[in-house]
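> What follows is a structure written as structure tokens; I'll ask about it next.
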Amino acid sequence: MSRLTVLAGLGAGLFALPHAAQAMDVAQARAIVQKVMARHDITATEKTATGQNGVAQFRFDDVHVPLGTYDGYRDLVMSNVKIDVKEDPDTPQLAIIDIALPEQGRIDARETIDQRNLTLHDAHGTLRWNTKTSSPDGFTGLAAFVGADEPVSRQHWFLNGLAVTWLKQKIDINWHNAEWTGPNREKQGAMKAASLSLYPDRDGTTRLDYSHDGLWMPGLFQPRTVRLKGHATGVKWSHTRPLLQDGLTRLLAGENPEQVRNTIANAFWHEALKTGKPIEVEDLYVESRNLEAAGTGEFIPQQNATYGFRGMLDLNLVGRDQLETLLGTPKKPTILGALFPPAVDGLAAGTPGKQGTDKYKLQLRADGRIIVNGRTVMTGPGS
């Protein structure tokens with residue numbers, strides 16, 4: 001929470017405010033802000049400080065926030081950052097810190113390839129701070145638009161409607177209309193909408209709801225729509241929050257949304273590996289080029305597994321005939337099917353299911369073999 005709060009609101013690490021409900025004066029609020037900056041090695045130049053109607057209002061220039069996620073020097077740099085501090089009129093032990101970020105910022109770094117120019121539209125956030133426990137009670141952040149450009153290669157990414165809700169027992173992250181490119185603006189991917197929710201199970205482990213719509217990437221397989229409900233039975237909720245915090249830091253540092261998603265997933269795998277307990281796929285739905293698949297399963301992280309996991313997945317597929325038209329059969333593959341025989345063999349292994357579906361039991365072995373309905377359709381690398 002601390003890094004997210006620093007980047008999105010400069011609000012983490014506040015010390016307790018007086019418990020009696022009273023107007024927030026400038027000196028009191030300034031001490032809070034200075035404490036936050038000192039704890040996180042933030043430097044800034046205070047330009048204005050005023051008090052009005054019980055609210056202390058500040059404006060800062062030359063704000064430098066170290067991005068500790070990365071090796072080497074990297075700073076988020078902004079000017080005209082506005083911070084308002086006031087007491088909650090309904091709950092005296094809560095302080096409300098409102099932050100408004102400017103439209104332009106940058107990532108300073110020694111290497112040119114690590115530098116970014118940032119554009120933000122209507123980016124702001126609110127932190128509710130519990131003065132009795134000296135801890136955050138909740139955070140919400142919104143940005144109508146967030147974009148990053150690498151000045152030399154011209155690769156960029158952007159997303160719209162970023163919304164972050166960061167509570168003790170739930171984290172929600174949403175955005176829509178995202179796009180990312182390679183050098184010289186060559187389009188590498190796009191997504192119409194994405195949503196991620198994480199929250200604790202009753203035993204303190206982590207539950208996950210994820211969805212996206214309208215995903216486009218270069219290549220044959222296009223999982224345009226995905227719905228996933230999962231349970232990481234070996235990942236404590238208390239360990240999940242820092243992983244997301246790190247991912248959001250990377251997002252603000254200029255990584256594209258696809259890279260951030262992969263970074264979070266990789267960190268999640270390492271955390272699950274510590275206990276070796278399964279990640280349960282309780283509900284999965286995938287739509288791709290008018291094909292639909294739904295199923296359940298579980299995957300167990302293993303250090304020496306070829307693909308990091310062993311596990312199984314039970315799927316019901318709608319649209320097998322369309323895939324066979326595209327790929328062919330083992331005896332008569334199309335040109336495309338001949339390029340990837342495992343897909344042809346796996347498709348042919350399906351058995352009739354209910355209501356016109358085809359059933360597939362996929363097994364991923366530690367040695368990299370993929371078995372579909374008892375038939376090995378792919379051997380491990382080097383086999």
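What follows is calculated from the coordinates using simple rules that are stated; it is not laboratory data. Predicted model only: the values in this text are computed from it and were never measured. As a convention, Cβ positions derive from the backbone with ideal geometry for all residues, glycine included, and neighbour counts pool all protein chains shown.
> Place +1 on the Cβ of every Lys and Arg and -1 on the Cβ of every Asp and Glu in segment 2-304, take the dipole about the Cα centre, and give the residue among 94, 78, 51 whose Cα lies farthest towards its positive end.
After comparing all options, I get 94.
> Where a Cα-Cα gap under 29 Å defines reach, which lysines qualify for residue 361, not counting those fewer than 8 residues away within the same chain?
Counting by Cα, and skipping residues close in sequence, residue 361 has these lysines nearby: 229, 274, 277, 331, 332.
> If we count every other residue with Cβ under 12 angstrom of residue 199's Cβ, Lys/Arg +1 and Asp/Glu -1, where does the sum land?
Result for the neighbourhood of residue 199: +3.
> Something else: Quick one: check the C-alpha center-to-center distance for segment 351-383 versus segment 138-154, whole angstrom.
Cα centroid to Cα centroid, the span is 41 Å.
> I need the fraction of alpha carbon pairs in segment 174-299 separated by more than 21 Å, rounded to a whole percent.
Looking at segment 174-299, the distances longer than 21 Å represent 45 percent of pairs.
> Sorted from fewest to most neighbouring beta carbons within 10 Å, what does the list 210, 73 look like?
Placing the least packed residue first, the sequence is 73, 210.
> Remind me, relative contact order of segment 2-304 in percent, using alpha carbon pairs under 8 angstrom and six or more residues apart?
With pairs under 8 Å counted, the relative contact order is 11 percent.
> Taking 1 over the mean of 1/r across every pair of different Cα atoms in segment 260-302, what Kirkwood radius in Å do you get?
Kirkwood radius, segment 260-302: 12.0 Å.
> Counting trypsin sites (Lys or Arg not before Pro) as exposed when in a DSSP loop with at most 12 other beta carbons within 10 Å, what is the longest stretch of the chain free of them?
1-109
> If neighbour count is taken as other Cβ atoms inside 10 Å, put 140, 131 in order from fewest to most.
Least to most surrounded, the residues fall as 140, 131.
> For each of 275, 206, count neighbouring Cβ atoms within 10 Å of the residue's Cβ, then give the residues from fewest to most.
275, 206
> Taking θ = phi - 60°, what integer Hz values does the Karplus form 6.51 cos²θ - 1.76 cosθ + 1.60 yield along segment 225-235, in sequence order, with x for Gly and Pro?
10, 9, 10, 9, 10, x, 9, 7, 5, x, 10
> Report the residue, chosen from 335, 107, 173, that carries the largest GNM mean-square fluctuation when the chain is represented by alpha-carbon nodes joined by springs under 10 Å.
335
> Counting Lys +1, Arg +1, Asp -1, Glu -1, what net charge surrounds residue 218 among other residues with beta carbon under 15 Å of its beta carbon?
Computed value for this residue: +1.
> Out of 273, 326, 362, any idea which swings most in a Gaussian network model of the chain, alpha carbons joined below 10 Å?
Checking each option, the largest mean-square fluctuation is seen for 326.
> If you place +1 on the Cβ of every Lys and Arg and -1 on the Cβ of every Asp and Glu, how big does the dipole about the Cα centre of segment 305-383 come out, in debye to the nearest 20?
180 debye
> Continuing with this model, one more query. For the Cα atoms of the chain, what angle does the longest principal axis make with the long axis of helix 257-273, in degrees from 0 to 90, nearest 10?
Value to nearest ten degrees: 80.
> Let me check against my output: what whole-number percent is the relative contact order of segment 50-153, with C-alpha pairs under 8 Å and at least 6 apart?
Averaging sequence separation for qualifying contacts and normalising by length gives 20 percent for segment 50-153.
> What does the charge count near residue 376 come to, summing +1 for each Lys or Arg and -1 for each Asp or Glu among other residues with Cβ under 15 Å from its Cβ?
Around residue 376, the surrounding residues sum to +3.
> Hey, another quick one. What angle do you read, to the nearest 10 degrees and between 0 and 90, between the alpha-carbon axis of helix 237-252 and the longest principal axis of the chain?
For 237-252 against the chain, the angle is about 80 degrees.
> Out of residues 5 or more away from residue 380 or on other chains, whose amide H comes under 5 Å of its own, with H placed 1.01 Å from N in the peptide plane?
Here 369 satisfy the definition.
> So which residue, out of 100, 23, 232, gets the largest mean-square fluctuation from a GNM of the chain using Cα contacts under 10 Å as springs?
Among 100, 23, 232, the largest GNM mean-square fluctuation belongs to 23.
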